[in-house]
Amino acid sequence: MNTPHDSVVWLGVPAFPEAARSALADTRLRANLRKATGTIREKRLAATGELDDWEELRAAGAAIKRRVLRHLDRYLEQLEESVLRAGGTVHWAADAAEANRIVTGLVTATGEREVVKVKSMATQEIGLNEALAAAGISACETDLAELIVQLAGDRPSHILVPAIHRGRAEIRELFRRRMGDRGRPAPHGLSDDPADLAEAARLHLRDKFLRAKVAVSGANFACADTGTIGVVESEGNGRMCLTLPDTLITVMGIEKVLPSFADLEVFLQLLPRSSTGERMNPYTSMWTGPVAGDGPRSFHLVLLDNGRTATLSDPVGRQALACIRCSACLNVCPVYERTGGHAYGSVYPGPIGAVLTPQLMGVGQASSLPFASTLCGACYDACPVKIDIPEVLVHLRAAEVDAGRGVLPKPEALAMKAAAGLLGSPRRLAAAQRAVAMTGRVLARRGSIGRLPGPLARWSATRDTPAPPPESFRAWWRRTHTGTSAAEADR
Amino acid sequence: MSGGRSAMLRRVRAALADVPADERPDDVPVPRTYRRSHAGEDVVGLFADRLADYGAHVSRTSDPATAIAAAVTRRSVGSLIVPDGLPIGWLRPGPWRVLRDDPPLPVAALDGASGVLSTAVAGIAVTGTLVLDAGPGQGRRALTLLPDYHLCVVPAARIVGDVPEVLARLAPDAPLTFVSGPSATSDIELDRVEGVHGPRVLEVIIVDDGKEPPA
Amino acid sequence: MRIALFITCFNDTMFPGTGKAVVRLLERLGHTVDFPQAQVCCGQMHFNTGYRREAVPLARRFAEVFGHCEAVVTPSGSCAAMVRDHHRVLDPGLSSPPVYELSELLVDVLGITDVGAWFPHRVTYHPTCHSMRMLRVGDRPLRLLRAVRGIDVVELPAAEACCGFGGTFALKNPDTSNAILADKVHHVRATGAEVLCAGDNSCLMHIGGTLSRMRTGIATRHLAEILAATEEDAHEHPS
């Protein structure tokens, strides 16, 4: 059970710049991503633009999350009490290993060897499927995209649409070759029409739903005052899992708690419009403990820490825990749009992943991710709960730089220190400017500089750089406005 | 287990050392300046339009029995699940077999049924959403999930403008299902496909009679 | 009014023409421009790359040099945003003077959109990320451009998309930066513009670098340079 497997951070994925390079070389991936993110961006803008109080809703969503995070202990205790009162059982898991142990134990106790799963970031984060497999239990993903990823032995590359990196032709091939291995094979003459592919998935999963005795889900939110848990979905696989089996096990990050049922009025408006760009997703299921004669007879809620309290302890980084997993930030990110999700090497890709992954995993893990952003700010604008992702990125960059201080400084750190020295006084800057101008004259041809060696090689491979002018602005000012030459003024 | 619980709560409290000890949750302000509703005057008309946007079949009538019979006939429904508590007289006798969930139907029977007729406890106009709470005329959740055709008949009086209004009138101790159109997926190239695991056809009949029907 | 110019270290060294254009423009509009010579750098590069400790003295120096000024103008959206949003992160005790990006100064403070410029060229405008999303300059630069005589302002497709520069991002993630830039260049070329304009020379240098390498013939001009251009100038200093 302790064999190494994927968790928040995936094994064997290089640092972002290298992983991105191979992703960028995949032209089919680039085309799939461009089409998909372009489509969803337009839908989101239309859906959010429809509400003239969208900014007020965002402000309320951000404030509710802030309230929760600042008083998380109290809300967790209240949630536990409410779930117990409703007839559910609550488990507390400090980390992935403990959560996996709890879930495996619960499934084993039912005597079942098969579980159906609703798409859940939390169970991906802890590598639950692998842990269950090690205990001889097979977990069947029932969300279409998760099924695609599972059949392909692949990794998810998007929070909402985990198979966004796959085009329809690839999916058809995958269904034809692999569906039979795990149950009902794909129908003969399967086309690559998404409707036909969805139908194949429907037929493949139908028996599994009807047979299932145990389901594992995540949760989009949990209301502390009532103990109500909610799952937001589109396909109906969630309803199947939440309704047909006898036992339901829900694994939920501790940050998903909301103060009250009434607060759903904010999040049920923010989430679908930000996520799929719909006014409302097709299905939202909410349950408050087990209900006699309707759905599972036993309900277990597993509350997962797994790095969340460490994240909570940073007053700046804490806001990343407000994330409602809508994935709007991925869809608007210029970096994500080009590289896709795999380059981030984490269950949580894109801008939110770049701030969440290093915090959940601790310093030193995923250290290239906070730098995988142009800081363009599109993610912050799109975020329905106003997580200032650029602020957290820059904050984590500083933590990363500070962690490297005291050891042998890297060339970058030396350059930064040198630059800070030059920029620390107008005299030193002016001297440097004269040196730059001289170097520029040596390197430049017809006013611009072409290819350069060293750290500038990759920059200059595709970009010319203008030759530095012979006279800086400050030198010109002195000459024209103060009547002194630059050399004199420097003294 | 309780050891894990207290250790986790301890870690949460330690992480919140910067929060003043005397701060209460209500001290963190939540601006509630957003609208209670984005719907205009014609709530029922909006509800119908928005549901139709999702690809649901929507019609309005003041004669539900005739509209239901016509819909079931048009679909050539062979067997129809009818939950307890549906208003008397909504379903006329016809060439369809009525399946009652008493005693509870096995899953295979639910899966084999050609349709289900239910009502909804509420409708949300702005989002085109039906709300089911397993109450009278809706039955347990599986009834409206497994058949491929869901015919939902909603009295116009139960339709509210928007999400905040509907939540204020729901009791969360019942299992709640919000249905907005037929099941759908956008998992392949973000192309929306209607009809996956939930009912592939959603038909909604709005009953334009201000009065609640007798159960 | 008396306006202090924060030239920014990057413009000072690489694009003095932009600073000269700001001086010429504001003086033409009847204002007095000061250039406090003790100014250096706002610390943006260090701050954004994680070198906060190194950025602190730069932020303090900025506050010392400009603290007394009534209004500060800078021809850089990202440096204006750095001073306005991040200096207090570096040192909560710092009190910054009112710092305006050029289009904000002209439209909001000086209340002017027609600055009397003449620029008979087809121009497209790239709204740089920090101007757009941190400063929220909105359509102020475009209103200024549209009031220029002789100009033909053409819309840039996907204008709000980042150019992929991101300061040290372009050096740390050169391949991704290039991929983003390629799309921006594609859109710029699609406009048929002769000149690409923006309010930040760093982004312009980034996009212009590829425009130049690809020999597109499309020039880059800072907003200040277009707004400073007049018919008389053109006759006096034909370029």
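Suppose we keep only residues that are charged (D, E, K, R) and more than 9 Å from chain A (Cβ to nearest Cβ) within the stretch B:31-64. Which one would you say is farthest from B:D162 (Cα to Cα)? I'd like the intermediate steps shown before the answer.
Going residue by residue through the stretch B:31-64, those that are charged (D, E, K, R) are B:32, B:35-36, B:41-42, B:49-50, B:53, B:60, B:63.
Then drop every residue that is not more than 9 Å from chain A (Cβ to nearest Cβ), which leaves B:41-42, B:49, B:60, B:63.
On the way: B:E41: 12, B:D42: 12, B:D49: 14, B:R60: 20, B:D63: 26 Å.
The qualifying residue farthest from B:D162 (Cα to Cα) is B:D63.
Helices (runs of 4 or more DSSP H) fully within the stretch A:1-114 that include at least 1 residues being of a type outside the set (D, E, K, R), modelled with pLDDT of 95 or more and touching a Pro at 6+ places or on another chain (Cβ under 9 Å): A:27-49, A:54-70, A:72-85. Within the stretch A:50-109, restricting attention to residues that are more than 10 Å from chain B (Cβ to nearest Cβ) and of a type in the set (V, I, T), the residue that is surrounded by the most Cβ atoms within 10 Å (Cβ to Cβ) is A:V103. Listed by position, the helices (runs of 4 or more DSSP H) enclosed by the stretch A:307-421 that each have at least 1 residues that are within 14 Å of chain C (Cβ to nearest Cβ) are A:328-332, A:334-339, A:350-361, A:378-382, A:389-404. Residues in the stretch A:234-251 that are buried (at least 24 other Cβ atoms within 10 Å of the Cβ) and either more than 12 Å from chain B (Cβ to nearest Cβ) or part of a helix (DSSP H, G or I) (or both): A:N237, A:G238, A:R239, A:M240, A:C241, A:L242, A:T243, A:I249, A:T250, A:V251.
Of the strands (runs of 3 or more DSSP E) lying entirely inside the stretch C:22-129, those containing at least 3 residues that are surrounded by fewer than 22 Cβ atoms within 10 Å (Cβ to Cβ) span C:32-34. Of the listed requirements (1) facing chain A (nearest Cβ under 9 Å); (2) under 23 Å from A:R297 (Cβ atoms), B:A109 misses just one: (1).
Only residues that are under 30 Å from C:F35 (Cβ atoms) and facing chain C (nearest Cβ under 9 Å) were counted across the stretch A:448-463, and they come to 1. Looking across C:P75, C:P36, C:P57, C:P127, one residue alone is in the same structural domain as C:A229 (by TED's automatic domain parsing) and at pLDDT 95 or above. It is C:P127. In summary, helices (runs of 4 or more DSSP H) completely within the stretch C:134-215 and bearing 2 or more residues that are out of contact with any helix residue (DSSP H, G or I) (no Cβ under 7 Å at 6 or more places or on another chain) occur at C:140-146, C:174-190, C:201-213. Would you confirm, using the coordinates I've provided, whether A:L132 is farther than 26 Å from A:T284 by Cβ and modelled with pLDDT of 95 or more? When the stated conditions are applied, A:L132 passes them. Taking the criterion of being in contact with a Cys (Cβ under 9 Å, 6 or more places away or on another chain) and at the interface with chain A (Cβ under 10 Å from one of its Cβ atoms), the residues of the stretch C:133-163 that qualify are C:R133, C:E160, C:A161, C:C162, C:C163. Within the stretch A:287-305, the residues that satisfy the criterion of being facing another protein chain (nearest Cβ under 7 Å) and part of a loop (DSSP other than H, G, I, E, B) are A:T288, A:G293, A:G295, A:D305.
The values are calculated or read from the model by the stated rules, or taken from the named source; none is laboratory data. Computed from a predicted model, the values in this text were never measured in an experiment. Positions of Cβ are backbone-derived with ideal geometry, glycine not excepted, and every protein chain shown enters the neighbour counts.
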